[in-house]
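Chemist: Submitted below is the structure of interest, expressed as structure tokens.
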Amino acid sequence: MSGATVQPRPHGLGIAVVFDWALTAQLTTQALASATHNLGFSPNPGVIVGGLVAAVGLFALGEGMRRGIPALRPVQIGLMVLITLIGIVSLVMLVTGQFSGSLLFTTAIELGYAPWLVWRLLDRETAAWFATARGRGRAPHVSGWQWVAVLAAWAIVWGVAVAWVESL
């Protein structure tokens, strides 16, 4: 027996970071589309400024989660609960005949990833990791430039894809 203590692991952290950064990419894409009259958007200063401000906040949330800032875990959980509730409303819209491919796609994301993330972020081991990390987190699969590049690439692909699908 070695006497080494097992460190807690943050379950769902990488997906939470990708989710936040994908929302960042989506909102940035939609703001730029509005500014350039693309993806069916008309130039709208509210969409542009609001989208970019929200994107900055979501990027910061994702980065704070990646670093293990304990105060951001309940914020992330609250955001995922809100997105889950939006997904339930979207599902009701689909069931009542307001079908569209983009609504189906976003509803699948809202009801697939968001509730799963709530469950994983509420895990005791995840809470313990945030308590010990205190903003200095070095969790595997979210630390190091290679993993950050992987997370960012996934986020950009998903964010731009959602922005494009919502324009259909």
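Just so it is clear, none of the values below were taken in a lab; they were calculated from the coordinates. Bear in mind that the values here come from a model prediction, so they are computed numbers and not experimental data. Cβ sites come from the backbone with ideal geometry, for glycine too, and all protein chains shown count toward neighbours.
Chemist: Could you tell me the center-to-center distance, by alpha carbons, between the range 107-153 and the range 28-69 in angstrom?
Modeler: If you average the Cα positions of each part, the centres end up 21 Å apart.
Chemist: Right, another one. Once the dipole of the chain is set up with Lys and Arg at +1 and Asp and Glu at -1 on Cβ about the Cα centre, which of Leu151, Leu61, Gln7 lies farthest towards its positive end?
Modeler: Most positive-ward Cα: Gln7.
Chemist: Treating only the Cβ of Lys, Arg, Asp and Glu as charged (+1, +1, -1, -1), what charge dipole size does the chain show about its Cα centre? Round to the nearest 20 debye.
Modeler: 600 debye
Chemist: Taking only DSSP H segments of four or more residues, each worth -39500 (n - 2.57), what value at 222 nm results for the chain once the sum is divided by all its residues, to the nearest 500 deg cm²/dmol?
Modeler: -26000 deg cm²/dmol
Chemist: Same structure again: Using Cβ contacts closer than 10 Å as the measure, can you line up Val47, Val95 from fewest to most?
Modeler: Ordered by Cβ neighbours within 10 Å, fewest first: Val95, Val47.
Chemist: Taking each full run of DSSP H in the chain as one helix, which ones are at least 18 Å long along their axis (Cα atoms) and have mean Kyte-Doolittle hydropathy of at least -1.0?
Modeler: Span-like helices here: 13-36, 45-67, 72-95, 101-121, 145-167.
Chemist: What's the exposure ranking of His141, His11, His37, going from fewest to most Cβ atoms within 10 Å?
Modeler: If I rank by nearby Cβ atoms, fewest first, I get His37, His141, His11.
Chemist: Checking the a/c ratio against 1.5 first, then a/b against b/c, what shape does the Cα gyration tensor give for the range 14-167?
Modeler: Here the range 14-167 falls in the oblate category.
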